[in-house]
Amino acid sequence: MADKRMTLDELVGELRSGMTVGIGGWGSRRKPMAAVRALARSNLTDLTVVSYGGPDVGLLCAAGKVRKVVSAFVTLDSIPIDPHFGAARQGGTVEAMEVDEGMFYLGLLAASQRVPFLPTRAGLGSDVLRVNPSLRLVTSPYDDGEELVAMPALRLDAAVVHVNRADAAGSGQILGPDPFFDDLFLGAADRRFVTTERLVGTERFAAEGPLQTMCISRLLTDGVVETPGGAHFTACVPDYPRDEAFQKSYAEAAGDGELWGTFRQRYLEVDEPTYQAAIRAAGTAAAEGAGR
Amino acid sequence: MSQAGSGGGSGAAADVSRAEYCAVACADVFRGNGEVMASAFGTAPAIGARLAKLTFSPDLVLTDGDAALVAGAPALGAAPSGLVLESHMPYRRVFDVVWSGRRNLIMMASQIDRDGNQNISAIGDWDRPTAQLIGVRGAPGNTVNHSTSYWVPRHSPRSFVAQVDVVSGVGYARAAAAGPAATRYHEIHRVVSDLGVFDFETPERVMRLRSVHPGVTVDQVVAATGFDLFIPERVAETRPPSTEELRLIRDVLDSRRLRDREVPA
């Protein structure tokens with residue numbers, strides 16, 4: 001079997017400015033934050049980020065990496081709106097394609113299944129159609145003749161998701177309660193990366209969780225990176241909960257040049273091991289959880 | 001006019017708080033529902049859905065707010081370890097429920113207008129909003145697939161507006177204009193605010209004052225509403241909770257009085 005292990009730097013090296021990048025997880029849950037931090041400190045620019053948005057979106061906007069965001073929401077869960085994304089939108093520095101979260105799902109599914117669109121009622125009558133003038137309707141070819149939204153495939157140049165366990169061949173295991181849409185992000189993408197809390201031997205999966213937790217097949221992955229604490233500060237249960245204190249400090253740095261400068265210097269202009277050491281030093285809850 | 005909805009006799013109306021009237025009005029949104037998934041955003045709706053399940057709509061299906069359906073009606077803020085789970089409901093499966101119509105929902109609204117359009121996306125110009133909100137989330141799909149109601153804890157001309165800035169949840173006129181595929185399963189059932197209860201039971205399907213909470217005048221509601229509200233000749237008062245409902249709210253579902261933080265006494 002192919003050995004797909006790689007480093008964060010190698011992952012970022014596969015990407016180019018202007019690419020459309022899908023990011024797995026949901027809100028402030030199981031986001032591939034180590035990869036997001038690596039993107040933030042890279043030379044890449046003009047990215048289109050496709051995400052069930054959380055701090056991945058806000059952080060990349062604040063780092064000046066984003067041209068356009070494709071989302072249904074951008075939230076930190078315990079903090080309703082990511083203020084970094086808010087600042088970027090209110091400052092007019094990023095473009096937004098906002099769709100219903102079910103439309104978003106169908107866009108990924110269409111891309112995964114290599115069809116140009118999938119039909120849905122979602123979006124009909126709403127301003128999703130007004131603010132996205134490229135969206136089209138489709139008329140049912142059957143007797144009902146219903147006119148539905150034709151959600152276009154959300155084709156991705158690359159996708160990154162974060163899982164609890166993975167093996168060197170790129171199979172991934174999600175031990176938390178919701179796999180979200182991670183398999184579809186990978187299925188929709190040309191270059192497909194999995195980051196993981198822990199790289200394990202394939203034979204170890206069965207001891208970690210039941211069969212249905214082994215939900216990312218190696219059919220969907222090109223590269224796998226072991227990044228312990230790699231979802232910090234988002235939730236990565238059962239490995240660790242969200243680091244609420246850290247998330248609060250991230251949110252408070254929005255729109256404050258000095259606070260953001262400090263945050264950036266301490267947490268973004270450093271490599272991942274230095275970041276992990278810094279949060280351990282800060283004694284935050286998630287770091288304690290991750291270290292167990 | 002007002003009536004107790006379930007057994008237990010009428011409540012001691014004198015000491016019923018505004019938040020408790022709101023919770024009961026939210027519970028009534030789920031009245032008559034059978035086996036549907038009740039989703040409720042905000043404190044009063046969260047109490048309401050649980051209260052409905054414990055009284056007049058026992059077959060309601062509640063979620064744990066994460067990826068599962070729960071048995072019973074857990075108290076607000078109950079520890080996850082104490083919940084009895086009855087089914088797996090990850091986000092992807094939620095769309096199966098939404099699109100099959102087996103759901104009833106109370107969402108919140110940053111803005112709502114006379115036609116029942118709701119906005120949770122952005123305030124101001126789309127290209128450069130004055131305030132970015134959470135995003136449309138599932139509102140467009142929810143509103144054209146199953147009954148949707150709204151909860152607005154602070155009724156003001158800033159929340160009840162002439163026209164919402166970004167139509168997220170779809171109101172009656174917009175659904176009608178979009179055609180039969182949009183109207184087929186569309187219903188905006190109720191709007192509950194801290195001042196009263198509203199519906200769209202008018203010939204033109206525009207917002208109508210259905211009841212005022214005790215202590216609120218019709219003039220107060222009109223003054224706090226940024227559009228021409230349909231006011232019937234006789235306006236009822238929102239029904240009080242029954243004694244049993246009051247006990248469930250106070251002793252079982254929300255003993256920590258989270259409801260008072262949302263709607264101050």
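The values are calculated or read from the model by the stated rules, or taken from the named source; none is laboratory data. Computed from a prediction, not measured in an experiment: that's the story for all the values here. Using ideal geometry, Cβ is built from the backbone for each residue, glycine included, and neighbour counts are taken over all protein chains shown.
What the table below lists for this structure:
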{"quantity": "Test: residue in region B:93-100 that is within 12 Å of chain A (Cβ to nearest Cβ) and of a type in the set (S, T, N, Q)", "calculated": "yes"}
{"quantity": "Enumeration of residues in region A:9-41 that are over 19 Å from A:F246 (Cα atoms), of a type in the set (A, V, I, L, M, F, W, C) and surrounded by fewer than 24 Cβ atoms within 10 Å (Cβ to Cβ)", "calculated": "A:V12, A:L15, A:M19"}
{"quantity": "Selection count, region B:203-244, where residues are closer than 19 Å to B:V164 by Cβ and assigned to a loop (DSSP other than H, G, I, E, B)", "calculated": "10"}
{"quantity": "Residue within region B:187-194 that is more than 14 Å from every other protein chain (Cβ to nearest Cβ), among the acidic types (D, E) and surrounded by fewer than 21 Cβ atoms within 10 Å (Cβ to Cβ) present", "calculated": "no"}
{"quantity": "Scope region B:171-185; condition assigned to a loop (DSSP other than H, G, I, E, B) and more than 7 Å from chain A (Cβ to nearest Cβ); matching residues", "calculated": "B:G171, B:R184, B:Y185"}
{"quantity": "Any hit, region A:28-35, residues being touching a Ser or Thr at 6+ places or on another chain (Cβ under 6 Å), more than 8 Å from chain B (Cβ to nearest Cβ) and either among the charged types (D, E, K, R) or within 22 Å of A:E258 (Cα to Cα) (or both)", "calculated": "yes"}
{"quantity": "Any hit, region B:242-257, residues being in contact with a strand residue (DSSP E or B) (Cβ under 8 Å, 6 or more places away or on another chain), crowded, with 20+ Cβ neighbours inside 10 Å and not basic (K, R)", "calculated": "yes"}
{"quantity": "Cβ pairs under 6 Å, 6+ apart, first in region A:153-177 and assigned by TED's automatic domain parsing to the domain that holds A:P241, second at pLDDT below 95", "calculated": "A:A169/A:M1; A:P177/B:D66"}
{"quantity": "Within region B:131-154, considering residues that are small (G, A, S) and in a loop (DSSP other than H, G, I, E, B), the one nearest to the other protein chains (Cβ to nearest Cβ)", "calculated": "B:G135"}
{"quantity": "Residue count, region A:64-109 (criterion: within 18 Å of A:F180 (Cα to Cα) and buried (at least 22 other Cβ atoms within 10 Å of the Cβ))", "calculated": "17"}
{"quantity": "Residue match in region A:138-148 (condition: touching a residue at least 24 places away in the same chain (Cβ under 8 Å), touching a strand residue (DSSP E or B) at 6+ places or on another chain (Cβ under 7 Å) and surrounded by fewer than 24 Cβ atoms within 10 Å (Cβ to Cβ))", "calculated": "yes"}
{"quantity": "Hey, A:V163 surrounded by 20 or more Cβ atoms within 10 Å (Cβ to Cβ), over 22 Å from the mean Cα position of the chain (by Cα) and either in a strand (DSSP E or B) or modelled with pLDDT under 95 (or both) or not", "calculated": "no"}
{"quantity": "Test: residue in region B:83-92 that is loosely packed, with under 13 Cβ neighbours inside 10 Å, assigned to a loop (DSSP other than H, G, I, E, B) and more than 20 Å from the chain's Cα centre (by Cα)", "calculated": "yes"}
{"quantity": "One residue from A:F181, A:F205 being of a type in the set (F, W, Y) and away from every other protein chain (no Cβ under 12 Å)", "calculated": "A:F205"}
{"quantity": "Selection within region B:226-252 - within 18 Å of B:D199 (Cα to Cα), in contact (Cβ under 8 Å) with a residue 60 or more places away in the chain and within 21 Å of the chain's Cα centre (by Cα)", "calculated": "B:G226, B:F227, B:L229, B:A236, B:E237, B:T238, B:R239"}
{"quantity": "Subset of region B:160-171 (residues that are surrounded by 23 or more Cβ atoms within 10 Å (Cβ to Cβ), under 16 Å from B:L229 (Cα atoms) and not aliphatic (A, V, I, L, M))", "calculated": "B:F160, B:G171"}
{"quantity": "The lone exception for B:F56 - which of (1) buried (at least 19 other Cβ atoms within 10 Å of the Cβ); (2) part of a loop (DSSP other than H, G, I, E, B) it fails", "calculated": "(1)"}
{"quantity": "A:L154 vs. criteria touching a helix residue (DSSP H, G or I) at 6+ places or on another chain (Cβ under 8 Å) and within 13 Å of chain B (Cβ to nearest Cβ)", "calculated": "no"}
{"quantity": "Close pairs from region B:155-170: first within 11 Å of chain A (Cβ to nearest Cβ), partner hydroxyl-bearing (S, T, Y) and in a loop (DSSP other than H, G, I, E, B), Cβ under 7 Å, at least 6 apart", "calculated": "B:V166/B:S121; B:V167/A:S126; B:S168/A:S126; B:S168/B:S121; B:V170/A:S126"}
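Here's the yes/no breakdown for (1) within 16 Å of A:A72 (Cβ to Cβ); (2) in contact with a His (Cβ under 7 Å, 6 or more places away or on another chain); (3) not in a helix (DSSP H, G or I):
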position	(1), (2), (3)
A:R16	no, no, yes
A:V21	no, no, yes
A:L39	no, no, no
A:T45	no, no, yes
A:T48	yes, no, yes
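Table: residues versus (1) in a strand (DSSP E or B); (2) touching a Phe, Trp or Tyr at 6+ places or on another chain (Cβ under 9 Å).
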site	(1), (2)
A:A150	yes, yes
A:A159	yes, yes
A:A169	no, no
A:L175	no, no
A:F180	no, yes
A:D190	yes, no
A:E197	yes, yes
A:V224	yes, yes
A:G229	no, yes
